[in-house]
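Heads up, the thing below is written out as C-alpha cells.
The values are calculated or read from the model by the stated rules, or taken from the named source; none is laboratory data. This one's a predicted model, so the numbers in the text were calculated from it and none came from an experiment. Cβ: placed from backbone, ideal geometry, glycine included. Neighbour counts: every protein chain shown.
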Amino acid sequence: MTDAVAFSQIVTSIATIFYSAVFAIGYYLLIKLNRGMLEANQQMLHETRELRISGGRPQIVVGINLSRLSMVDLAVRNTGGGPAKAITFDFSGPIEDSSGFVLSELPFFSDGINLLSSGDGVECVWEHLDSLSAFLREKGLHEGIAVTVRYRDLAEESYQTEWMINPLHYENIRNPPRKGVEDLVEALSEAIEGLPGQGDRDARKRQE
C-alpha cells in the first residue's frame, strides 16, 4: 500500500512538472509572439510616419524626350510620389553634341539639384536625331552612356538608380504625318457645319 501511495505521488509530481513546463513554454512563446507583433507594428508605424513626412517615395528618371522629333531633348524627371533632394549625377562618359557642347557639365548635372518635387523635371535640348546618331557612332558609343543618380527623400532615406541613355535606339524614327493648314481649315468647316441649326442658317443665307 505504501508503495502504491509513493508511486502515485511520483506520478503526480511528474505530471505537475510536465504541465508546469508546458505552461512555461507556452507562456514564453506567447510573450515572444506578442513581442514580435509589437515590433512589427512599431516598424509599420515608423514606415508610415516616414512615408507621411516624405510624401511618398521619389523616383528620379534620366532619359531622352522625343516629343519634338526630330529634336532630342535630355530630360530629368521625378516620377515618384514624393519630392527628392540632394540629387547628384555620375556619368560613365560626357554627354555632348556634335559641336562639342557638353550637356553633362551643365550646372544642374555637375552641381546637382537641391530639390525636385513629384511630377517636376528639367529638360535641355541635345541635338537633331540624325546628326546626333552619326556623332555617337563616330564616338563608338553604340551601347549608350550610363548615368547613376543618387538622391534622398525628406525622411533622409537614400536611393540610387542607374539609367542607360542611348538615342541610337530611335535612329531613323520619323514623325507621323501632320495635317497641313488646308486640312485644318477643311476639318474646322466640317465641324461648324455639323453644329445644330447651322444647316438651316446656311439655307436661309442662300435664299436671301
query = Of the residues G112, G144, G119, which is among the small types (G, A, S), exposed (fewer than 14 other Cβ atoms within 10 Å of the Cβ), at positive phi and assigned by TED's automatic domain parsing to the domain that holds S158?
reply = G119
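Among the residues of the range 96-104, is any assigned to a strand (DSSP E or B) and either modelled with pLDDT of 95 or more or on the phi > 0 side of the Ramachandran plot (or both)?
Just the residues of the range 96-104 that are assigned to a strand (DSSP E or B), to begin with: 96, 102.
Now restrict to residues that are either modelled with pLDDT of 95 or more or on the phi > 0 side of the Ramachandran plot (or both): 96, 102.
Yes - at least one qualifying residue is present in the range 96-104.
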inquiry  = Condition first: in a helix (DSSP H, G or I), polar (S, T, N, Q), outside the structural domain of L74 (by TED's automatic domain parsing) and at pLDDT below 95. Can you find one or more residues in the range 195-203 that meet it?
reply    = yes
query = Which one is nearest to E157 (Cα to Cα) among residues in the range 61-96 that are polar (S, T, N, Q) and surrounded by fewer than 18 Cβ atoms within 10 Å (Cβ to Cβ)?
reply = T88
query = Which one of R49, R35, R57 is modelled with pLDDT under 95 and not in a helix (DSSP H, G or I)?
reply = R57
